[in-house]
Amino acid sequence: MSTDFDPTIELLTVAEVAELLKISIPGVRRLQQRRLIAFFKIGGSVRFTKSDITSYLERRRVKTID
């Protein structure tokens, strides 16, 4: 595991991720609890990176048939 940390990483709240994905806050919590989206636990708070959300969306993408 790398110990390098990029202080420019933008952390998002559950509410911000819900808005970004256009889903409910409980929907984001379900994705988090099922470990479908990577997250950080900071104290009692859960945070996500934009790159992890983008990665999740890419994995969920359904490609065209052609």
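The values are calculated or read from the model by the stated rules, or taken from the named source; none is laboratory data. All figures in this text were calculated on a predicted structure; none of them were measured in a lab. Ideal geometry is used to build each Cβ from the backbone, glycine not excepted, and the neighbour counts take in all protein chains shown. Quick note on the areas: whole protein, heavy atoms, side chains included, nothing else; ligands and nucleic acids left out. Shrake-Rupley method; radii C 1.70, N 1.55, O 1.52, S 1.80 Å.
Counting only protein heavy atoms and using a 1.4 Å probe, what share of the accessible area of the chain belongs to carbon plus sulfur, as a whole percent? Could you put the intermediate results ahead of the total?
Details: 2880 of 5420 Å².
On the chain, the fraction of accessible area on carbon and sulfur atoms equals 53 percent.
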Under a Gaussian network model of the chain whose springs join Cα atoms within less than 10 Å, the largest fluctuation of Ser24, Ser55, Ser45 belongs to Ser45
Hey, got the dipole for the chain? About the Cα centre, +1 on K and R Cβ, -1 on D and E Cβ, debye to the nearest 20?
440
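Counting other Cβ atoms within 10 Å of each Cβ, which GluC sites (Glu not before Pro) in the chain have at most 14 and sit in a DSSP loop?
Details: sites: Glu10, Glu16, Glu19, Glu58; in loops: Glu10.
The qualifying sites are Glu10.
Sum up the charges of everything whose Cβ sits under 13 Å from the Cβ of Arg35, counting Lys and Arg as +1 and Asp and Glu as -1, but leave Arg35 out.
+4
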Give the accessible surface of the chain per residue, rounded to a whole number of Å², with probe radius 1.4 Å and ligands, DNA and RNA excluded.
82
Helix-only estimate, please: 222 nm mean residue ellipticity of the chain, summing -39500 (n - 2.57) across DSSP H runs of length 4 or more and dividing by its residues, to the nearest 500.
-12000 deg cm²/dmol
Per residue convex hull volume, Cα only, the chain, in Å³ is 138
